[in-house]
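> A single structure is presented below for examination.
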Amino acid sequence: MRETIFALSSGALPSGVAVVRLSGPGTCSALEALAGKLPEPRHATLRTLRDSRSAILDRSLVLFFPGPESFTGEDCGELHLHGGRAVVQAVLETLSGYPDFRLAEAGEFTRRAFLNGKFDLTEAEALSDLISAETEAQRRFALANAESRHRALYDGWRKTLIHARAMIEAELDFSDEEDVPGSVAERVWEEIAELRSSLERHAAGYRTAEIIREGFRVVILGAPNAGKSSLLNTLARRDIAIVTEEPGTTRDVLEAVLDVGGVKVIVTDTAGIRENPGRVEALGIDRAIDRAREADLILLLEDCNAPVRVRLPDGIPHRRIGNKLDLADKTLHPGQYDFLISAHTGEGIDRLLSEMRALAVQATSNAGEALPFRERHVQLILDAAGHVDTAVRQTSLPLEVRAEELRLAGNALGRISGTIDVEDLLDTIFSQFCIGK
């Protein structure tokens, strides 16, 4: 018999309310043993909970969700307890004493929901993203991804591939029949070539999804004593970096995570770049350049009173910023910089934040589309595109081999949503969930 699982599904204790969730064939018997009577389905009922010796555990709201109309597709139950550690521990110990009951592993409730056909893998991954969402953009993106739009898109592409294979196999097996089209090339390959382009465009959208999920990366670059650490502290509104007048204080990268206009923005302070640094400082400069190459935006910071130019990595958007405006004389020409600020007084910081917000929002402007939002999605989409490309371009191959390439492409798309051959992925995917989800 399949085991019944249980876990604390709410937040850290102590709390006002603690929710213990159950799922599996023993749910009904456990609720009856604890509460004396099974509550009406989907109705919260106040009951006194008792252990196996009839000692009172708590006064709790009890809910019962019969399968298959439940989150996991199995019989499920919830106990809304008072959120004290001792109360929760006593209930968990009581449940663990029932036959074939055990604590749930991370993500096991969601895994059972997937295995029972409640949703596909992309929807499960979107649910994980929703739980971990830190910004409004992440919340909206995760909710949109949980609406089966990816499954519909990938299923549509798989149907196109299946139809093409059927046409090819019909030509191979029944070419002497009058009602079988005579030339697959004319009827199928143009459509398959369009599908290849769609797959490649879709994979390219991952960068937008990555920015939403992981953050818009801003790197502060400049010479020593330009005020990079002061700017990081001002943007973060707290002291993250040590600020001194001694050049080369920052030896490693320091980061602050901001919510800028609902978009997660990661601002990185780096070591000052200069000629002939010391050995340790040189390592920090190498890391600064590496981070700059990966940035979505570089803030090139200079002391506007004594500017020192720093060479930028090619191809990265940047804004040239003059710092220490509070110390500048009247001969400073505003056109020398995109922004003039004082990290010390805060002058000009609001304008700089507005620019960062505009660029971050622009980078995620197509977030409303169905985008691949995990690296494994991209790899499988590119695998599918590679097989389709072989089938389209390698016209010298036997038709049977080209049809096999289309089959492999369809299988790759099926693995994204979990339609086929994903058992080896399940542990990795669902282990990312918290206990009780």
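The values are calculated or read from the model by the stated rules, or taken from the named source; none is laboratory data. Remember, predicted model here, so these are calculated numbers, not experimental data. Glycine gets a Cβ as well: all are built from the backbone with ideal geometry, and neighbour counts include every protein chain shown. Surface areas here come from the heavy atoms of the whole protein model, side chains and all, with no ligands, DNA or RNA. Shrake-Rupley method; radii C 1.70, N 1.55, O 1.52, S 1.80 Å.
> With all protein chains present, how much of the accessible area of the stretch 315-409 (probe radius 1.4 Å) comes from carbon and sulfur, to the nearest whole percent?
Ligands and nucleic acids excluded, carbon and sulfur give 50 percent.
> Please list, or write none, the lysines whose alpha carbon is within less than 30 Å of the alpha carbon of Lys228, excluding same-chain residues fewer than 8 places away.
Qualifying lysines at Cα under 30 Å: Lys264, Lys324, Lys330.
> Still on this structure: With springs only between Cα atoms under 10 Å apart, run a GNM on the chain and tell me which of Arg376, Arg53, Arg237 wobbles the most.
Arg53
> Under a 1.4 Å probe, what is the accessible area of the stretch 98-158 per residue, stated in Å²?
Solvent-accessible surface per residue comes out at 42 Å².
> Quick one: length gained pulling Arg293 to Glu169 fully straight, 0.36 nm per residue minus the C-alpha distance?
39.7 nm
> Another question about this same structure. Given a Förster distance of 41 angstrom, what is the FRET efficiency for Arg201 paired with Asp338, based on the Cβ-Cβ distance and rounded to 0.05?
0.80
> Could you point to the residue in Phe71, Leu199, Leu172 farthest towards the positive end of the stretch 58-214's charge dipole, with +1 and -1 charges on the Cβ of Lys/Arg and Asp/Glu respectively?
Checking the options against the dipole of the stretch 58-214, the answer is Phe71.
> Show Glu3, Glu369, Glu275 ordered by accessible area, largest first, where the area counts protein heavy atoms only and the probe is 1.4 Å.
Glu275, Glu369, Glu3
> Here is a further query. Once the piece of chain linking Arg187 and Asn366 is laid out straight, how much longer is it, given 0.36 nm per residue of separation minus the C-alpha distance between them?
61.1 nm
> Another question, then. Thr135: accessible area at probe 1.4 Å, nearest 10 Å²?
10 Å²
> From the helices alone, meaning DSSP H stretches of at least four residues, give me the mean residue ellipticity at 222 nm for the chain, per-run term -39500 (n - 2.57), in deg cm²/dmol to the nearest 500.
Here the helix-only value at 222 nm equals -13500 deg cm²/dmol.
> Simple spin-label model, 7 Å along Cα-to-Cβ: Leu103 to Ser52 in nm?
Here the modelled spin labels are 1.8 nm apart.
> Any chance you could check the Cα centroid distance between the stretch 359-402 and the stretch 1-80 for me, in angstrom?
Using only Cα atoms, the two centres lie 45 Å from each other.
> Taking springs between alpha-carbon atoms closer than 10 angstrom, which of Leu352, Leu121, Leu327 fluctuates most in the Gaussian network model of the chain?
Of Leu352, Leu121, Leu327, the Gaussian network model singles out Leu327 as fluctuating most.
> Just subtract the alpha-carbon distance of Asp314 and Ile240 from 0.36 nm times their residue separation and send over the number in nm, one decimal.
That works out to 23.8 nm of additional length.
> If I build a Gaussian network model for the chain, linking alpha-carbon pairs within less than 10 angstrom, which residue out of Ala209, Ala133, Ala306 has the largest mean-square fluctuation?
Judging by the Gaussian network model, the answer is Ala306.
> How big is the accessible area of Asp329 in square angstrom, nearest 10, if you roll a 1.4 angstrom probe over the protein chains?
In the full protein context, Asp329 sits at about 100 Å².
> Quote the accessible area belonging to Val253 in square angstrom, nearest 10, computed with a 1.4 Å probe and with ligands, DNA and RNA left uncounted.
30 Å²
> OK, next. If you rank Arg85, Arg207, Arg402 by how much accessible surface each has, with a 1.4 Å probe, what is the order from largest down?
In descending accessible area the options line up as Arg85, Arg207, Arg402.
> I need the phi-derived Karplus couplings for the stretch 215-229: 6.51 cos²θ - 1.76 cosθ + 1.60, θ = phi - 60°, integer Hz, Gly and Pro marked x.
Running phi through 6.51 cos²θ - 1.76 cosθ + 1.60 with θ = phi - 60° gives x, 7, 8, 10, 10, 8, 10, x, 6, x, 6, 6, x, 5, 5 Hz.
> Please give the residues of the stretch 132-163, grouped as numeric ranges, whose backbone N is less than 16 Å from a label point set 7 Å along the Cα-to-Cβ vector of Ile266.
133-135, 138
> Evaluate E = 1/(1 + (r/R0)^6) for Glu194 and Ser148, where r is the Cβ-Cβ distance and R0 equals 35 Å; express this FRET efficiency to the nearest 0.05.
E(calc), rounded to 0.05, equals 0.90.
> If you roll a 1.4 angstrom probe over the protein chains with everything in place, what fraction of the accessible area of the stretch 1-130 belongs to carbon and sulfur, to the nearest %?
Answer for the stretch 1-130: carbon and sulfur cover 54 percent of the accessible area.
> From the protein chains alone at 1.4 Å, what is the descending order of accessible area for Glu302, Glu93, largest first?
Sorted descending by solvent-accessible area, the residues read Glu93, Glu302.
> Okay, next question. Considering the chain, what Rg and Dmax in Å follow from its alpha-carbon atoms?
29.2, 90
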